[in-house]
Amino acid sequence: MNQSLDPDSVSITRRVMDALRLDPVLFLLLIVLTLFGSTLLYSATGSDIASVVRQLTRLAVAILLLIAAANVPLRVIRKMSIWLYLGGIAMLIAVIYFGEVGKGAQRWLDLGIIRFQPSEILKLAVPMIVAAYLSDRVLPVGWKELLVSSILVLIPLLLIARQPDLGTAILVGSAGFFVLFLAGVRWRIIISLALLLSSMAPLLWKFALHEYQRKRILTLLDPESDPLGSGYHIIQSKIAIGSGGVYGKGWLNGSQSQLEFIPERSTDFIFSVFGEEFGFFGSVVLILIYLAIIYRGLYIAAHSTENFGRLLAGALSLTFFVYLFVNTGMVTGILPVVGVPLPLISYGGTSMVTLMVGFGLIMSIRSARRFLG
Amino acid sequence: MSKREQLKDDYLENRLIRRRLGLSAIIATILLSLVLGRLYVLQVVDYEHFATLSDSNRIRIKALPPTRGLIFDRNGVVMANNLPAYRLEIVREQVDDLSATLQRLRRYVDYSEQDLKRFEQSSKRRRPFESIPLRFNLNDEEVARLAVNLHKFEGVEINARLTRNYPLGSHAVHALGYVGRIDAKDLGKVDEIDYAGTTHIGKLGLEKFYEDELHGTVGVQQVEVNAKGRTLRVLTESPPIQGNNLYLTIDSRLQMVAEQAFGDLRGAAVAIDPNNGEILALVSMPTFDPNLFVNGISFDAYNQLRDSSQRPLFNRALSGQYPPGSTVKPFYALAGLEANVTQKDKEVYCKGYYQLPGEPRRYRDWKKEGHGPMQISDAIIQSCDIYFYDLAYRMGIDRMSLFLAQFGFGVKTGIDSTGERSGLLPSREWKRRAEGLPWFPGETLITGIGQGALLTTPLQLANSIAAFASKGKRFRPRLVKSIEQVRDQTRTETSSEVVGQYQILKEINWTHIHNALVNVVHGPRGTARRISRGIKYRVAGKTGTSQVFEVAQDEEYDAETVSDKLRDHALFVSYAPAEKPRIAIAVIVENGGHGSTVAAPIARKIMDAYLLDQL
């Protein structure tokens with residue numbers, strides 16, 4: 001970013017952005033993506049304008065929260081980390097005792113006015129606490145730091161995995177991992193851990209995974225084996241995407257999507273609708289927009305002036321990437337079916353709010369650099 | 001560590017993090033290129049293949065709902081089955097103008113706002129080519145009127161579907177429960193695939209408790225559809241598996257006798273086989289017709305049931321909590337003998353009231369002039385309160401409650417149904433927690449005659465007297481005797497389960513109380529002697545009267561002047577034949593007055609019906 005100090009050359013948009021402490025590049029990319037997502041949602045819900053209005057309302061709330069987060073000074077964010085983390089853990093434990101069960105998993109906490117998934121908080125709190133912890137330490141991290149950080153990540157991870165919610169567990173786990181990775185965990189440690197994990201894979205398969213998760217991995221290898229369940233999802237999703245061709249069948253014209261061959265078409269499988277209606281060309285454009293957002297986040301991380309900002313912005317951007325990769329990998333049939341939405345586009349409010357607040361944090365990190373300088 | 005601390009160098013660290021950030025960007029780009037590559041293969045390379053598949057994507061999976069399992073009584077009498085009932089259904093995609101069609105339909109068949117709302121709700125979950133019910137349970141006249149005019153309505157169908165039916169109507173409804181249409185709340189709790197075609201689900205009682213057994217397994221049909229989604233032909237089909245049948249421990253004949261014995265009275269009765277915990281009859285009066293609920297009861301009918309002062313929807317047998325009154329005395333008596341707090345020949349003089357040492361307050365006997373000198377067995381036979389005030393005073397609340405707990409007071413019995421409540425066994429700790437107050441000695445006294453905070457459900461009371469009859473052995477009461485798998489015709493008996501065993505210290509203590517209970521019915525001064533007229537077997541029983549409101553210190557309780565709702569509850573617990581008990585019964589008649597006159601005769605009728613044709 002070149003920072004022009006000449007007020008005359010600063011456009012109005014730019015001035016508004018500065019006043020709100022927003023990063024114009026990132027903010028505009030997010031707006032483009034979400035507006036585009038709402039248009040797609042209209043098609044994916046079978047032209048249900050009410051759902052789109054609900055989604056836009058959530059979007060408005062999420063953006064307000066983004067602006068709010070962007071205006072919290074970075075040192076305050078850093079101080080808040082521990083409380084957010086402890087509060088999140090407490091609520092995760094509360095879910096065990098008071099949580100509401102939905103579709104075989106216990107994830108929701110009902111606080112009277114709002115009902116939400118405490119695991120969402122941990123998507124932010126885990127990278128925050130690990131980044132806050134490591135930013136005081138000498139990098140690259142040593143064994144002690146690795147151990148402490150791992151514990152910080154593993155406590156919420158296990159609590160979430162037992163709900164069971166594999167999708168969120170993966171996102172929380174990777175957020176924590178990315179902070180460590182950026183903080184320079186040595187390659188030999190990464191490689192030996194990877195080897196250890198893969199050697200334990202058969203054990204994990206047997207004891208750590210739920211029956212339905214095992215089934216999903218098996219159906220990835222042989223989708224026909226479960227035609228009523230997740231195998232059906234993959235088969236139909238591939239047909240929809242594939243039949244989209246280079247330019248797609250056009251908005252509202254995807255026969256697979258509109259005839260409801262695609263299950264969960266407005267939530268986890270919304271990319272299938274996109275692929276069918278906008279084709280390969282559209283997919284490339286969409287993924288490039290996503291990549292631009294990720295790059296921008298990483299850029300802000302790289303230009304932060306303190307380790308906390310570098311680590312946090314980097315980890316949040318990379319977690320956003322994991323969202324995208326796991327979801328698109330799932331609908332195109334290269335990864336197993338895991339409940340991860342297409343970020344900022346899938347119908348549903350919880351992940352949208354968390355993601356936007358995350359981008360708010362990234363913008364606060366950017367402001368910290370500017371105002372420090 | 002301290003050495004490394006000195007080496008903290010922002011320049012080096014920044015370089016490290018930037019290197020890792022750069023690396024991450026590269027990895028992310030590579031992985032997303034992989035996805036793009038995959039998309040390229042799907043959308044460009046294999047486009048023809050998938051385009052063909054998409055065009056011929058005509059194979060749909062249709063769920064076939066299973067038939068719900070039947071419910072029989074212990075002798076094979078049908079208590080719940082499924083009958084074909086006509087439904088008015090609409091296939092949305094075949095209807096040009098839905099709201100106009102709905103308007104025109106009103107001319108031929110009436111449907112409520114509620115029906116319409118439900119129709120719209122299910123429309124959201126179903127595909128446009130699926131038929132969605134608008135009205136359930138069309139009567140013959142409506143079917144005829146519609147059938148004649150059906151040609152005017154494209155996309156409107158009359159379909160016969162199996163619907164839950166309770167042939168006994170309002171009988172045994174509080175044991176059975178009922179099914180109702182699945183609502184949004186139920187949907188979150190069940191397996192979406194398994195309930196894909198199911199419209200009804202157990203809402204209450206056995207129907208709810210045994211939902212998993214009764215529901216069955218969904219079938220799958222692969223059908224070929226045209227481009228608009230209409231079914232052309234069935235390709236493969238795996239039929240649904242019917243739900244399991246339940247055989248109850250209830251004897252429907254006995255159940256009806258028991259219900260009739262109540263007449264217009266309100267109350268509950270539970271009959272249990274003390275040898276295994278099987279529930280022979282479970283009555284809560286008044287009752288209601290569960291068939292009303294199957295296809296959605298109208299607001300008016302529901303409000304009427306809900307607001308009725310008789311409270312027919314309230315399952316008194318499981319959820320009603322009443323002070324047991326004097327029916328609890330046999331347990332305290334046994335406790336007193338076992339703990340040697342009192343002895344068989346110990347005498348207490350009953351002068352009509354009891355006073356705690358140094359307190360002016362008089363705790364009265366139900367008999368104003370008193371019973372005179374009382375031994376424990378007289379005290380039970382004539383239900384003398386003074387003896388039990390004295391016993392309670394000397395035993396103390398802790399020992400009393402501890403003993404009652406061994407007969408299942410204060411905890412749920414664990415019956416296989418819904419809505420059971422636990423009653424209340426008061427203790428010092430309970431009072432401190434609930435009211436933040438210490439326990440007063442006076443409360444011990446009134447607890448000693450089954451009043452005050454002590455509360456029991458009729459089921460609990462029946463199960464406790466059954467446990468007494470079998471000398472301390474307490475079973476989990478059961479409503480289901482066996483479960484039958486329809487496909488292979490196998491019947492699995494549910495097993496009786498002992499949940500508590502009070503070990504009697506001296507058998508003679510038990511026998512002494514038992515004999516006193518027999519004399520309650522058969523003795524010349526027994527409070528229930530009236531029901532022994534013409535009896536062909538021997539009964540052990542205890543009457544009880546529990547106060548609904550407290551009579552002030554210097555007032556008289558006069559049944560005539562007290563309004564109906566405040567009159568005492570009448571209770572009776574019993575088991576028979578006394579020598580070898582086969583049935584244990586608890587009866588409570590709300591605001592019935594005295595246990596001896598109202599509740600005991602009901603128990604007699606139940607015992608007669610059960611024992612006489614088997615003797």
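Scan B:Asp186, B:Asp194 and give me the residue that is surrounded by 14 or more Cβ atoms within 10 Å (Cβ to Cβ) and part of a helix (DSSP H, G or I).
Numbers: B:Asp194 fails: part of a helix (DSSP H, G or I).
Exactly one residue qualifies, and that residue is B:Asp186.
Kindly evaluate A:Leu316 against the criterion of being modelled with pLDDT of 90 or more, under 20 Å from A:Lys238 (Cα atoms) and touching a Pro at 6+ places or on another chain (Cβ under 9 Å). It would help to see each step written out before you state the result.
Working: modelled with pLDDT of 90 or more: yes; under 20 Å from A:Lys238 (Cα atoms): no; touching a Pro at 6+ places or on another chain (Cβ under 9 Å): yes.
Taking the combined requirement at face value, the residue does not satisfy it.
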Problem - The one condition in (1) within 30 Å of B:Arg92 (Cα to Cα); (2) open to solvent by less than 10 Å² (accessible area, probe 1.4 Å) that B:Phe293 fails to fulfil - result: (2)
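Scanning for something assigned by TED's automatic domain parsing to the domain that holds B:Ser470 and over 20 Å from B:Ser326 (Cβ atoms), does the stretch B:380-387 turn up at least one residue?
Taking the stretch B:380-387 and keeping what is assigned by TED's automatic domain parsing to the domain that holds B:Ser470, we get B:380-387.
Now narrow it down to the ones that are over 20 Å from B:Ser326 (Cβ atoms): none.
No; the residues of the stretch B:380-387 include none that is assigned by TED's automatic domain parsing to the domain that holds B:Ser470 and over 20 Å from B:Ser326 (Cβ atoms).
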Practice task
Could you tell me whether the stretch A:276-286 includes any residue that is in contact (Cβ under 8 Å) with a residue 12 or more places away in the chain, surrounded by fewer than 21 Cβ atoms within 10 Å (Cβ to Cβ) and not aromatic (Phe, Trp, Tyr)?
Solution key: no
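Would you mind finding the one in B:Arg311, B:Arg316 that is surrounded by fewer than 21 Cβ atoms within 10 Å (Cβ to Cβ) and outside the structural domain of B:Leu83 (by TED's automatic domain parsing)? Explain how you work it out, then say what you get.
Values: B:Arg316 fails: surrounded by fewer than 21 Cβ atoms within 10 Å (Cβ to Cβ).
That would be B:Arg311, the only listed residue that is surrounded by fewer than 21 Cβ atoms within 10 Å (Cβ to Cβ) and outside the structural domain of B:Leu83 (by TED's automatic domain parsing).
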Practice task
Take B:Ala603 and decide whether it is under 21 Å from B:Gly277 (Cα atoms) and surrounded by 19 or more Cβ atoms within 10 Å (Cβ to Cβ).
Solution key: yes
Handout entry: the stretch A:172-199 residues that are touching a residue at least 24 places away in the same chain (Cβ under 8 Å), paired with ones that are open to solvent by 30 Å² or more (accessible area, probe 1.4 Å) (beta carbon under 6 Å, 6 or more apart)
Key = A:Val172/A:Leu157; A:Gly184/A:Pro140
Problem - Residue count for the stretch A:331-345, restricted to those that are crowded, with 24+ Cβ neighbours inside 10 Å and at the interface with chain B (Cβ under 10 Å from one of its Cβ atoms) - result: 2
Practice task
State which residue is farthest from B:Leu313 (Cα to Cα) when the search covers only the stretch B:189-210 and only residues that are away from every other protein chain (no Cβ under 14 Å) and among the basic types (Lys, Arg).
Solution key: B:Lys208
Handout entry: Conditions (1) within 8 Å of chain B (Cβ to nearest Cβ); (2) free of Cβ contacts under 8 Å to residues at least 60 places away in the same chain; number of the one not met by A:Gly314
Key = (2)
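Does A:Ala315 meet the test of being under 21 Å from A:Phe181 (Cα atoms) and either surrounded by 22 or more Cβ atoms within 10 Å (Cβ to Cβ) or outside the structural domain of A:Tyr232 (by TED's automatic domain parsing) (or both)? Steps first, please.
Values: under 21 Å from A:Phe181 (Cα atoms): yes; either surrounded by 22 or more Cβ atoms within 10 Å (Cβ to Cβ) or outside the structural domain of A:Tyr232 (by TED's automatic domain parsing) (or both): yes.
In short, yes.
Kindly provide the set of residues from the stretch B:338-362 that are closer than 30 Å to B:Ile504 by Cβ, open to solvent by less than 90 Å² (accessible area, probe 1.4 Å) and not in a loop (DSSP other than H, G, I, E, B), ordered by number. Show your work before the answer.
Initial filter on the stretch B:338-362 (closer than 30 Å to B:Ile504 by Cβ): B:338-350, B:354.
Subsequent filtering for residues that are open to solvent by less than 90 Å² (accessible area, probe 1.4 Å) retains B:338-339, B:341-344, B:346, B:348, B:350, B:354.
Within the stretch B:338-362, B:Glu338, B:Val348, B:Cys350, B:Tyr354 qualify.
Please enumerate the residues belonging to the stretch B:363-372 that are open to solvent by 70 Å² or more (accessible area, probe 1.4 Å) and in contact with a Phe, Trp or Tyr (Cβ under 7 Å, 6 or more places away or on another chain).
Our first condition is that a residue be open to solvent by 70 Å² or more (accessible area, probe 1.4 Å); within the stretch B:363-372, this holds for B:364, B:366, B:368-369.
The one that is open to solvent by 70 Å² or more (accessible area, probe 1.4 Å) and in contact with a Phe, Trp or Tyr (Cβ under 7 Å, 6 or more places away or on another chain): B:Arg364.
So which strands (runs of 3 or more DSSP E) stay within the stretch B:455-556 end to end and still have 2 or more residues that are buried (at least 20 other Cβ atoms within 10 Å of the Cβ) and hydrophobic (A, V, I, L, M, F, W, C)? Quick ask: steps written out before the conclusion?
Numbers: elements: B:473-475, B:480-485, B:490-493, B:498-501, B:540-546.
Passing ranges: none, list empty.
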Fill in the blank from the handout: Note on the stretch A:174-212: residues within 13 Å of chain B (Cβ to nearest Cβ) and either in contact with a strand residue (DSSP E or B) (Cβ under 7 Å, 6 or more places away or on another chain) or among the β-branched types (Val, Ile, Thr) (or both) are A:Val179, A:Val185, A:Ile190
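Within the stretch B:296-308, which residues are part of a loop (DSSP other than H, G, I, E, B) and open to solvent by 30 Å² or more (accessible area, probe 1.4 Å)?
Here is the first cut: in the stretch B:296-308, the ones part of a loop (DSSP other than H, G, I, E, B) are B:296-298, B:308.
Within the stretch B:296-308, B:Gly296, B:Ser298, B:Ser308 meet the criteria.
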Problem - Search result, residues across the stretch A:231-259 that are open to solvent by 30 Å² or more (accessible area, probe 1.4 Å), under 21 Å from B:Glu93 (Cβ atoms) and within 11 Å of chain B (Cβ to nearest Cβ) - result: A:Lys249, A:Ser255, A:Gln258, A:Leu259
Exercise for the section: Taking A:Ile262 as meeting all but one of (1) β-branched (Val, Ile, Thr); (2) open to solvent by 10 Å² or more (accessible area, probe 1.4 Å); (3) more than 10 Å from every other protein chain (Cβ to nearest Cβ), write down the number of the exception. Expected result: (2)
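With respect to B:Arg15, is the statement that it is more than 7 Å from chain A (Cβ to nearest Cβ), open to solvent by less than 50 Å² (accessible area, probe 1.4 Å) and at pLDDT below 95 true?
Details: more than 7 Å from chain A (Cβ to nearest Cβ): yes; open to solvent by less than 50 Å² (accessible area, probe 1.4 Å): no; at pLDDT below 95: yes.
When the stated conditions are applied, B:Arg15 does not pass them.
The values are calculated or read from the model by the stated rules, or taken from the named source; none is laboratory data. Just so we're clear, the structure is a prediction, and the values are computed from it rather than from any experiment. Neighbour counts run over all protein chains shown; Cβ positions are idealised from the backbone, glycine included. These accessible areas exclude ligands, DNA and RNA; they are computed on the full protein's heavy atoms, side chains included. Shrake-Rupley method; radii C 1.70, N 1.55, O 1.52, S 1.80 Å.
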